[in-house]
Structures are given as C-alpha cells and as structure tokens.
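A short write-up of the structure that comes next.
Coordinate-derived values only; no laboratory data. The shown structure was predicted, so the numbers you read here are calculated from the model rather than taken from an experiment. Neighbour counts are summed over all protein chains in view; Cβ atoms, including those assigned to glycine, are modelled from backbone coordinates with ideal geometry.
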C-alpha cells in the first residue's frame with residue numbers, strides 16, 4: 001500500500017511532466033506513460049539506474065531546464081526517505097556533469 005509520502009511524490013512527478021510541457025514546451029510522452037504504468041518512485045528509479053540519460057533529460061538540458069528533471073526532484077530533502085544514498089548520488093553526479101548550477105549545499109552533500 002502506498003504511503004502518503006509516496007503519493008505526494010507521484011503528484012510531484014506528474015507536476016514536473018506538466019511543467020515541462022507548460023514552461024519548456026516539452027511534451028514528455030514516454031515519461032507520462034511510465035508514470036501511469038509504474039508510478040513515481042519506480043519511474044524515478046528506472047530513469048536513475050539507466051546507464052544513459054533519457055531523451056527527456058537531454059531535451060530539458062538543451063532547453064536549460066534541468067530543474068524539471070527527476071534527478072533535480074529527488075534531491076529535494078522532502079523525498080530523502082524514498083531514495084537510497086546511491087540513487088541520490090547518481091542524481092547529484094548526473095546534474096553536476098551537465099552543468100546544473102542550482103544545487104544548493106544540502107543537495108551537493110550526502111545528507112544521511
């Protein structure tokens with residue numbers, strides 16, 4: 001059974017889908033399909049654990065909107081309990097590799 005935090009994360013994931021469409025003119029059809037099929041946490045883990053960044057990640061990077069990626073979302077402290085240290089490290093490193101400059105100190109550090 002889904003916890004309240006997991007439900008709130010599902011809502012946050014759907015929100016970045018809508019924001020990408022509204023704010024960056026990027027319709028992430030595959031991402032939306034994954035959310036509907038797998039839910040927020042599983043979708044985030046699938047994307048994070050992939051060896052390569054998704055087409056959506058690349059598209060948002062090109063639009064200078066990495067703030068609308070799963071990687072940026074999961075580093076928000078409110079989702080800390082939903083992801084492992086390894087998953088947060090993957091997200092942090094990926095964002096840094098692509099020059100995302102919005103990582104605050106608490107997101108750059110491993111907050112255990």
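The value obtained for the range 4-108, namely the Cα convex hull volume divided by the number of residues, is 91 Å³ per residue. Length available on full extension from residue 30 to residue 50: 0.36 nm per residue minus the Cα-Cα distance, which gives 5.7 nm.
Could you compute the FRET efficiency for residue 97 and residue 7, with r as their C-beta to C-beta distance and R0 at 35 Å, rounded to 0.05? Efficiency at R0 = 35 Å is approximately 0.65.
With r as the distance between the Cβ atoms of residue 86 and residue 63 and R0 = 25 Å, compute the FRET efficiency 1/(1 + (r/R0)^6) and round to 0.05. Approximately 0.35, to the nearest 0.05.
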